[in-house]
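Working notes, structure below.
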Amino acid sequence: MAGAGDAGRARAAVARLSDAVGERRRRLGSAMQDARRQRRLLLVIVCVALLLDNMLYMVIVPIIPDYIAAMRGGGGGAAPAAAAAGGNESGGGGNRSRLFARYPAAAAAGNEDVQIGVLFASKAILQLLVNPLSGTFIDRVGYDVPLLIGLAVMFLSTATFAFAENYATLFAARSLQGLGSAFADTAGIAMIADRYAEEPARSRALGTALAFISFGSLAAPPFGGVLYEFAGKRVPFLVLACVCLLDGLLLLVLVPPCASGARANMPVGTPIHRLMADPYIAVVAGALTTCNIPLAFLEPTIANWMKESMGATEWEMGLTWLPAFFPHVLGVYITVRLAAKYPHLQWFYGALGMAIIGASSCVVPACRNFGQVVVPLCGICFGIALVDTALLPTLAFLVDVRHVSVYGSIYAIADISYSVAYALGPIVAGQIVHTMGFVQLNLGMGLANVLYAPVLLFLKNVCQMKPSHSERNILLEEAPKGLYDTIKMEERKGKGKSLYPAGETENNVDSYHRDLTGASEEDCSDYEYS
């Protein structure tokens with residue numbers, strides 16, 4: 001009897017546990033079906049993907065010199081790391097350089113300098129080449145599948161880094177990361193713009209993504225250095241690979257691939273070459289490239305300049321950019337708040353950011369100690385935050401009012417703009433410093449930003465634009481309004497059939513043409529002012 005009672009209680013406990021699990025599953029399912037919660041989860045997935053991409057971009061900074069030294073027979077360990085970082089300190093000096101060194105290329109010697117520069121640039125170069133194709137692909141199939149492809153390629157790239165034993169494998173892994181970024185970054189930002197279609201929610205969401213990008217770049221070198229020091233060279237990459245895998249699985253659960261069939265009913269996006277020809281988009285793309293050049297060119301050169309001009313220690317060189325994270329996040333926050341109150345001044349926030357970047361770049365060579373140099377670097381990152389946070393939503397708005405509200409190609413253009421700066425930086429910056437000098441490099445970058453800032457005045461009237469009743473509006477979004485719209489729709493459908501119903505004269509149509517001045521050219525015009 002006691003045994004039967006125990007068995008009954010056990011069955012009841014199992015039943016209660018099963019009911020509890022079922023209830024939790026139902027709650028989770030309903031929560032994931034809720035549109036607001038779903039887009040928040042998608043924002044988390046995209047932010048994690050951007051975080052991973054930038055952590056993988058920077059996590060190799062304190063590790064790569066030791067990798068290459070070991071591959072050349074240096075044996076790895078503290079001695080190669082200290083040699084690669086250029087440190088001569090005894091005791092823990094090698095450890096400090098490996099934990100915090102951000103610029104191995106500036107201190108590496110001989111052919112290693114070129115190898116590291118090419119390795120760092122290979123990601124941006126491949127990203128630059130693939131983005132036109134990935135943007136078109138995203139426009140055709142939607143955002144979730146390319147994001148999943150990007151996460152899968154990033155996972156493969158990270159695993160390859162973990163088990164690389166020669167330079168060719170490292171180069172392949174870095175190039176693979178560029179391929180994955182071309183899909184994951186572009187699709188992720190485009191998905192945010194699509195899911196957060198209204199302002200100021202769109203600016204807040206894109207600002208959150210930018211904050212994660214900044215945090216990934218900040219946290220990666222210490223993260224990689226600490227794990228490399230105490231757990232081995234493979235552990236940092238394996239940790240990132242696991243997080244990437246979990247992020248991809250969460251995306252699969254949230255947006256199954258079969259759900260992408262709804263994409264077939266959406267409009268066809270504007271080709272990327274037409275977007276590039278749009279003068280407003282070209283101005284924004286130029287601003288994104290110009291404002292990121294100081295950061296891309298200073299990262300591989302400033303450590304060596306600090307060592308030569310002010311005798312900076314390894315700790316100071318490694319922590320140079322750490323304080324800049326906080327003004328970057330502050331710049332994102334301020335721009336989002338200002339854009340919510342004064343959305344018509346987005347162009348001004350971008351121009352102000354470029355002016356701050358230009359002034360800060362010109363001040364860098366005048367600094368004589370670590371405390372002084374941190375101030376202009378914080379100014380550069382603060383200005384970049386203003387420009388990016390103001391202009392990324394502007395790109396989506398320009399597509400909404402001048403083209404088709406599909407965002408793959410437009411954010412591929414934005415990614416191309418960033419990639420141009422970061423592809424040139426590791427290769428060109430050192431050569432410019434060698435031939436012209438560090439002062440001339442900074443003055444040139446500062447002048448370029450200051451001179452470009454007034455160009456953003458061209459965007460002053462963007463906020464006054466509104467979409468015209470184009471063919472997409474008529475055929476996909478709303479019923480025809482008035483005789484002229486009806487005729488235009490029938491013209492699209494008829495393909496050569498008579499446009500006018502029986503008993504209706506051409507004079508009636510001409511009168512509508514006169515009433516709708518310029519309307520006959522609506523499909524050729526890109527926008528109209530409100």
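The values are calculated or read from the model by the stated rules, or taken from the named source; none is laboratory data. As the structure is a computational prediction, the values presented were derived from the model and not from experiment. Please note: Cβ atoms are built from the backbone with ideal geometry, for glycine as well, and neighbour counts cover all protein chains shown. Areas reflect the complete protein model, heavy atoms only, side chains present, ligands, DNA and RNA absent. Shrake-Rupley method; radii C 1.70, N 1.55, O 1.52, S 1.80 Å.
A few comments on the model shown:
- Of the helices (runs of 4 or more DSSP H) lying entirely inside segment 302-405, those carrying at least 1 residues that are within 23 Å of the chain's Cα centre (by Cα) and polar (S, T, N, Q) are 325-341, 346-363, 370-402.
- For residue 420, the requirement of being open to solvent by less than 30 Å² (accessible area, probe 1.4 Å) and within 30 Å of residue 465 (Cβ to Cβ) is not met.
- Inside segment 190-224, residues that are touching a Lys or Arg at 6+ places or on another chain (Cβ under 8 Å) and farther than 18 Å from residue 333 by Cβ make up a count of 3.
- Condition met for residue 208 (surrounded by fewer than 24 Cβ atoms within 10 Å (Cβ to Cβ), at pLDDT 90 or above and under 28 Å from residue 255 (Cβ atoms)): yes
- When residue 199 is tested against (1) part of a helix (DSSP H, G or I); (2) farther than 22 Å from residue 146 by Cα; (3) under 20 Å from the mean Cα position of the chain (by Cα), exactly one condition is not met: (1).
- The numbered conditions (1) of a type in the set (A, V, I, L, M, F, W, C); (2) open to solvent by less than 50 Å² (accessible area, probe 1.4 Å); (3) without any contact (Cβ under 8 Å) to a residue 24 or more places away in the chain; (4) farther than 24 Å from residue 269 by Cβ are all true for residue 170 except (3).
- Residue list for segment 273-315, restricted to those being among the small types (Gly, Ala, Ser) and open to solvent by 40 Å² or more (accessible area, probe 1.4 Å): 277, 282, 309, 311
- Taking (1) open to solvent by less than 50 Å² (accessible area, probe 1.4 Å); (2) farther than 15 Å from residue 282 by Cα; (3) at pLDDT 95 or above in turn, residue 451 satisfies each apart from (1).
- Test: residue in segment 178-190 that is among the β-branched types (Val, Ile, Thr) and either over 21 Å from residue 57 (Cα atoms) or buried (at least 24 other Cβ atoms within 10 Å of the Cβ) (or both): yes
- Residue 326 meets all of the listed conditions (1) surrounded by fewer than 23 Cβ atoms within 10 Å (Cβ to Cβ); (2) farther than 19 Å from residue 211 by Cα but one, namely (2).
- Per the conditions (1) open to solvent by 40 Å² or more (accessible area, probe 1.4 Å); (2) aromatic (Phe, Trp, Tyr); (3) at pLDDT 90 or above, the sole criterion not satisfied by residue 230 is (3).
- Screening residue 270 with (1) part of a helix (DSSP H, G or I); (2) touching a residue at least 60 places away in the same chain (Cβ under 8 Å); (3) open to solvent by less than 20 Å² (accessible area, probe 1.4 Å) gives one miss only, at (1).
- Residue 156 vs. criteria among the hydrophobic types (A, V, I, L, M, F, W, C), modelled with pLDDT under 65 and either open to solvent by 50 Å² or more (accessible area, probe 1.4 Å) or closer than 28 Å to residue 247 by Cβ (or both): no
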